[in-house]
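The values are calculated or read from the model by the stated rules, or taken from the named source; none is laboratory data. These numbers come from a predicted model, not from an experiment. Here the Cβ positions follow ideal geometry from the backbone for every residue, glycine too, while neighbour counts run over all protein chains shown. SASA here: full protein model, heavy atoms, side chains in, ligands and nucleic acids out. Shrake-Rupley method; radii C 1.70, N 1.55, O 1.52, S 1.80 Å.
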Amino acid sequence: MSQPHTIIKRPILTEKATAAREATNTYTFRVATGATKVQIRQAVESIFSVQVKSVRTVNVPSRPKRQGAFQGRRSGWKKAYVSLKTGESIALIENI
């Protein structure tokens, strides 16, 4: 998992993530499940050319899913909250 684009899968663009981005300069990403905080920090710094202040991670558990008579589970995933240093920003999809 040394490639930055295999560690950072995609940004999470929800109302809660947008509020965190505006209030505390914290960006939210869906990341690879085996990625460590150090790898996430290096990947964000190399992809977006910014300085990272801190990284917090959350393992989102799998959930049961049912469609008719068929039962299964949605797979779990990992989320990372990346706080940037003051004055830094990432241009995601902000001009929609």
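Among what's in segment 1-18 and is touching a residue at least 60 places away in the same chain (Cβ under 8 Å) and in a loop (DSSP other than H, G, I, E, B), pick the residue that is least open to solvent (accessible area, probe 1.4 Å). Looking at the filtered set, the residue picked out is Ile12. Considering the conditions (1) touching a Lys or Arg at 6+ places or on another chain (Cβ under 7 Å); (2) among the small types (Gly, Ala, Ser); (3) loosely packed, with under 12 Cβ neighbours inside 10 Å, Gly68 is excluded by exactly one of them, (1). Checking each residue in segment 19-74 for being part of a strand (DSSP E or B), hydrophobic (A, V, I, L, M, F, W, C) and under 15 Å from Leu92 (Cα atoms) picks out only Phe29.
Scanning segment 1-24 for residues that are under 11 Å from Tyr81 (Cβ atoms) and of a type outside the set (A, V, I, L, M, F, W, C) turns up Lys16, Arg21, Thr24. Against the numbered list (1) within 15 Å of the chain's Cα centre (by Cα); (2) modelled with pLDDT of 95 or more, Arg63 comes up short only at (1). Just checking, which of Val55, Val38 is under 16 Å from Pro11 (Cα atoms) and either β-branched (Val, Ile, Thr) or in contact with a helix residue (DSSP H, G or I) (Cβ under 9 Å, 6 or more places away or on another chain) (or both)? The match here is Val55. Taken over segment 19-29, the criterion of being open to solvent by 30 Å² or more (accessible area, probe 1.4 Å) and among the β-branched types (Val, Ile, Thr) is satisfied by Thr24 alone. Scanning segment 30-61 for residues that are surrounded by 14 or more Cβ atoms within 10 Å (Cβ to Cβ), of a type in the set (A, V, I, L, M, F, W, C) and more than 12 Å from His5 (Cα to Cα) returns Val50, Val52, Val55.
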